[in-house]
Amino acid sequence: MKLLELTAHELADKITAGEVSAAEATGACLDRIEAVEPQVAAYVSVTADIALQQAAEADEKRAAGEELGPLAGVPLAVKDLMCTRGLATTCCSKILENFIPPYDATVVERCRQAALPMVGKTNMDEFAMGSSTENSAFQITHNPWNTDCVPGGSSGGSAAAVAAGEAFVALGSDTGGSIRQPAALCGIVGMKPTYGRVSRYGLIAYASSLDQIGPLTKDVTDCALMMTILAGHDPHDATSADIPVPDYTESLTGAVDGLKAGVPSQLLGEGIDPQVRDCVGAAIDELQSLGLECEEVQMPHIDYSLPVYYIIAPAEASSNLARYDGVRYGHRTTQPTEDIYDLFAQTRAEGFGPEVQLRIMLGIYALSAGYYDAYYLKALKVRTLIKGDFDQAFAEYDVLLSPTSPTVAFPIGEKADDPLAMKLADICTIPINLAGIPAMSIPCGFADGLPVGLQIMGRPFEEGKLLQVAYAYEQATNWHQQRPVL
């Protein structure tokens, strides 16, 4: 088997056995980036020197007999909204084009300590606002399965990099589906952990009550190993949960006997492409044949998720993005200005793209005097009802199942001028962020030659149960072994 076709854990086994060095694996990954980046455009910066140095250090430590993590030496890609000390972190926005953080995000530090060489920072929708990676200020990323199509978003660069063999694992962030939806569209595995399970320290915020960092990987075992590295309490993050982290690989039993799954009818109805519905239905049938008990469940408030999300998320964004004023850091206008307010306005008009400006304005409106109660406060109340639907369902079921995305990857530019159609790409994923629960996407088939994802949802802090169900399905099928040809 070619080196780049290996999963992360398969590569790690070969490195441990001395069949290949971390430096050789990293070099092969960098060669692959050089070969296919013109077609895919997954990266905004490639950190070859850093990666090779970190790989050499991993090899030296191994040779010295040091005990290293389970994925030591495996090349990693990082979404470009996680702070990397001494290396530009832009959120793919002109307003942060020249921003170099003085510290590492906690997840970046944990991956460094686990000896994963970082090969680059990946492209994304500006400030994670989008579902196609077309909103980046710098470039459009292409789906490796069909380079005329989008990879999903906002973590499209991370998903495309893993799918194209330009990284073995990647970090993404998920505010309304930004890990799971691109994972589905690129035919890989992506997990959004429980809110508070993984530290957000060093993550440049979009919507603080919704954002969560998670892994994008080639298979479920890689996902479990990455979660073991990423998860855990962090005193730097006030929302980080102080709960022990299990060994997630212990959940990879391959058995689902005795587990019950609910299938929310609201997530299989209007707006779901019939071919996607068929693939997901076949996946549910397969899980039932393995012993998982599945039945339909009603979750009536899920239908309100989209409007609730597009009030709460922009409201939080308007507050979080107020810090980009041209005074403290980031872009500052060079145009003549009359006063400090004009400086703010000119800087933000130049630095923020149209989608970010739109969401800031929506958020300011929803929080403004006279509209706060009618919009933001009401959205918070409905969010509680949506969470109540999940609480009620999980009182009876171990997991819930649905499509990850209502469609497969769509052509670049197809939805660029139709904001509603673009936002509907997240109808299956947004409810999970509103409820703060964990969910993951795994490959479950193809429609029109493009990957389809199955979404598995679970109770808070029960990522292990998601991995258990996902692994059982994965072992019974071969969708995760399919690779795009570039």
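Where a number appears in this text, it was derived from the coordinates with a stated rule and is not lab data. All values derive from a computational prediction rather than experimental measurement. Neighbour counts run over all protein chains shown; Cβ positions are idealised from the backbone, glycine included.
Over all other residues within a Cβ to Cβ distance under 15 Å of Lys192, the charged ones net out to +1, with Lys and Arg as +1 and Asp and Glu as -1. Take each peptide in 352-364, 268-280, count the other Cβ atoms within 10 Å of every residue, and average; sorted highest first, the result is 352-364, 268-280.
The residue list Ile386, Ala17, Val327 was ranked by how far each Cα lies along the charge dipole of the chain toward its positive end, using unit charges on Cβ atoms, and Val327 comes out on top. By the helix-only formula, in which each DSSP H run with n ≥ 4 contributes -39500 (n - 2.57) and the sum is divided by residues, the chain has a 222 nm mean residue ellipticity of -11500 deg cm²/dmol. With the Cα gyration tensor of the stretch 316-403 giving a ≥ b ≥ c as the square roots of its eigenvalues, does the rule (a/c under 1.5 for rounded; else a/b larger than b/c for prolate; else oblate) give rounded, prolate or oblate? In terms of gyration-tensor shape, prolate. Which values of log₁₀ I(q)/I(0), to two decimal places, follow from the Debye formula for the stretch 365-486 at q = 0.12, 0.13, 0.15, 0.19 Å⁻¹ with a uniform point scatterer at every Cα? One equal scatterer on each Cα of the stretch 365-486 leads to -0.61, -0.70, -0.87, -1.12. Taking only the C-alpha atoms of the stretch 405-464, Rg followed by Dmax gives 13.6, 40 Å.
Here the residues Thr217, Thr194, ranked from fewest to most Cβ neighbours within 10 Å of their Cβ, fall in the order Thr194, Thr217. Note on the stretch 3-257: antiparallel DSSP beta bridges, both residues inside, total approximately 65 percent of the bridges counted. Each peptide in 401-407, 448-454, 107-113, 391-397 gets a packing score, the mean of other Cβ atoms within 10 Å over its residues, and the list from highest to lowest is 401-407, 448-454, 107-113, 391-397. For Pro307, neighbours were defined as the other residues whose beta-carbon sits under 15 Å from its Cβ, and their charges (Lys and Arg +1, Asp and Glu -1) total +3.
Counting neighbouring Cβ atoms within 10 Å and putting the fewest first, the residues Thr90, Thr253 line up as Thr253, Thr90. Ratio of Rg to Rh for the stretch 136-273: 0.99 [Cα atoms; Kirkwood radius as inverse mean 1/r over pairs].
With the highest mean first, a sort of the peptides 414-424, 195-205 on other beta-carbon atoms found within 10 angstrom per residue produces 195-205, 414-424.
In this Cβ point-charge picture (+1 for Lys and Arg, -1 for Asp and Glu), the stretch 40-118 has a dipole of about 240 debye about its Cα centre.
Close amide-amide hydrogen proximity is noted between Thr84 and Ala105, each under 5 Å apart and 5 or more residues distant or on a separate chain (H modeled in the peptide plane; Pro and chain starts excluded). Beta bridges assigned by DSSP with both partners in the chain are antiparallel in approximately 70 percent of cases.
Normalised size of the stretch 294-344, defined as Cα radius of gyration per 2.2 N^0.38 Å with N residues, equals 2.05. Measuring between their Cα centroids, the stretch 417-486 and the stretch 1-41 lie 25 Å from each other. Every Cα-Cα pair in the stretch 3-257 was counted, and those over 34 Å apart are 9% of them.
Candidate cross-link partners of Lys121 among the lysines, defined by an alpha-carbon separation under 19 Å and a same-chain spacing of 8 or more, comprise Lys79, Lys94, Lys218.
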